[in-house]
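Since the structure comes first, as structure tokens, the remarks are kept for the end.
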Amino acid sequence: MPAKSGITLITTEDGSHSLYVPELEETYHSVHGAIRESQHVFLEAGLACVLEKKPAKATLNILEFGFGTGLNALLTAIRCEGTRPVNYHSLEKYPLTTAQTAALNYGKLLCREALFGQLHACPWEKTTAVTDYFTLKKINIDFRDYKTRHQYDLIYFDAFAPGKQPELWDKGIFRQCYALLSPGGVLVTYSANGQLKRDLSAIGFTVAQLPGPPGKRAMTRAVK
Ligand SMILES: C[S@@+](CC[C@H](N)C(=O)[O-])C[C@H]1O[C@@H](n2cnc3c(N)ncnc32)[C@H](O)[C@@H]1O
């Protein structure tokens, strides 16, 4: 995917923006609602599940595949405020420009413009305490090259669709995810692709197909 070229701003059905990538003929989020999809897949099926499963865990470690617009980071920072501190690492090979992120309406719609601006202003490769409850490290790297000793409680797997970037849905990537998760750790993704679920099961995850957000029948949650 060539970096940034030709990407255009679109408005999805819930009024929130997303981006369209002509080279892939693909959007960053569901056209049925970007905020609605992120809230459903990553916050409700992912974060809420981990908060419940790990009530005694003082700080949650989250890894995101694909920082993109920063929408998942923003929703997570808002959700964790005053409840559970989150240490959030996000991988991104093609960072958006400041002009592209400044045009997005997530901060405005969620009444958190300053926070959204802070997430994007954080320098890459540095751990930044954005709020008392949310620490962010954005890492400019290809998913496949990420090596770390960190263990995560939750992975947001938010690559472009398997049909568009099949190399990012390879079994090897999910083996890497399994190794990166602590026992009981959770991976969530919007995809309910059959091969993906078979691969996750073969690796050792307990896999559940859950109802998807509007416009999508199903999504996947996998527990280590
Ligand atoms: C479906 S978008 C979602 C992004 C983000 N979670 C959001 O809500 O805006 C997928 C993201 O993965 C990034 N990406 C694509 N290929 C990648 C790769 N090989 N390594 C790391 N990031 C990649 C894209 O640039 C894009 O930001």
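Just so it is clear, none of the values below were taken in a lab; they were calculated from the coordinates. This is a predicted model, so every value here is computed, not measured. As a convention, Cβ positions derive from the backbone with ideal geometry for all residues, glycine included, and neighbour counts pool all protein chains shown.
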(request) Measure out, as a whole number of angstrom, how far apart the alpha-carbon centroids of segment 116-175 and segment 13-82 sit. (result) 12
(message) Taking loop as defined by DSSP and a crowding limit of 10 other beta carbons within 10 Å, which trypsin sites (Lys or Arg not before Pro) in segment 144-186 fit?
(response) 147, 149
(request) Would you grab the residues whose amide H sits under 5 Å from the one on residue 218? Only those 5+ places off in sequence or on another chain, please, with H modelled 1.01 Å from N. (result) 212
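Test of the criteria: in segment 40-118, which chymotrypsin sites (Phe, Trp or Tyr not before Pro) are in a DSSP loop and have at most 16 other Cβ atoms within 10 angstrom of their Cβ?
Details: sites: 42, 65, 67, 88, 106, 116; in loops: 67.
Taking segment 40-118 and a limit of 16 other Cβ atoms within 10 Å, no loop chymotrypsin sites (Phe, Trp or Tyr not before Pro) are found.
I need the trypsin sites (Lys or Arg not before Pro) found in segment 39-143, filtered to DSSP loop residues with at most 12 other beta carbons within 10 Å of theirs. Mind dumping the intermediate values first?
Values: sites: 53, 57, 79, 93, 108, 112, 126, 137, 138; in loops: 57, 93, 112, 126.
Counting only loop positions with at most 12 other Cβ atoms within 10 Å, the trypsin sites (Lys or Arg not before Pro) in segment 39-143 are 126.
Taking K and R as +1 and D and E as -1, what net charge do the other residues with C-beta under 13 Å from the C-beta of residue 185 add up to?
Net charge around residue 185: +4.
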(request) Could you pull out every residue, at least 5 positions away or on a different chain, whose amide H is within less than 5 Å of the one on residue 19? Hs are placed 1.01 Å off N in the peptide plane, and Pro or chain starts have none. (result) 10, 28, 29
(request) Would you work out which of 77, 119, 101 lies farthest towards the positive end of the dipole of segment 32-223, given +1 charges on the beta-carbon of Lys and Arg and -1 on that of Asp and Glu, about the Cα centre? (result) 77
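Work out which GluC sites (Glu not before Pro) in the chain are exposed loop sites (DSSP not H, G, I, E or B, at most 16 other Cβ within 10 Å) and give the longest gap free of them. Before the final figure, lay out each step's value.
Details: sites that count: 13, 23, 25, 81, 125.
The answer is 126-224.
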(request) Compute the signed sum of charges (Lys and Arg +1, Asp and Glu -1) over the other residues within less than 9 Å, Cβ to Cβ, of residue 12. (result) -2
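For the chain, give the magnitude of the charge dipole about the Cα centre (Cβ charges: +1 Lys/Arg, -1 Asp/Glu; no others), in debye to the nearest 20. Write down the numbers at each step before the final one.
Details: 25 positive and 21 negative charges, 134 e Å.
Here the size comes out at about 640 debye.
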(request) Please give the calculated 222 nm ellipticity per residue for the chain, where each DSSP H segment of at least 4 residues contributes -39500 (n - 2.57) and the sum is spread over every residue; nearest 500 deg cm²/dmol? (result) -7000 deg cm²/dmol
(request) Alpha carbons only, please: Rg and Dmax for the chain, in angstrom. (result) 16.1, 46
(request) For segment 32-223, build the charge dipole from Cβ charges (+1 Lys, Arg; -1 Asp, Glu) around the Cα centre, then report which of 152, 46, 209 sits farthest towards its positive end. (result) 209
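In nm, what is the difference between 0.36 nm times the number of residues separating residue 32 and residue 144 and their Cα-Cα distance? Working shown, then result.
Values: separation 112, 0.36 × 112 = 40.32 nm, distance 2.96 nm.
The residue 32-residue 144 span can extend by a further 37.4 nm.
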(message) Going by amide H atoms built from the backbone, whose H comes under 5 Å of the H on residue 181, apart from near neighbours?
(response) 152
(message) To check you understand DSSP bridge types, tell me what percent of the beta bridges within segment 32-223 (both residues inside) are antiparallel, rounded to 5.
(response) 35
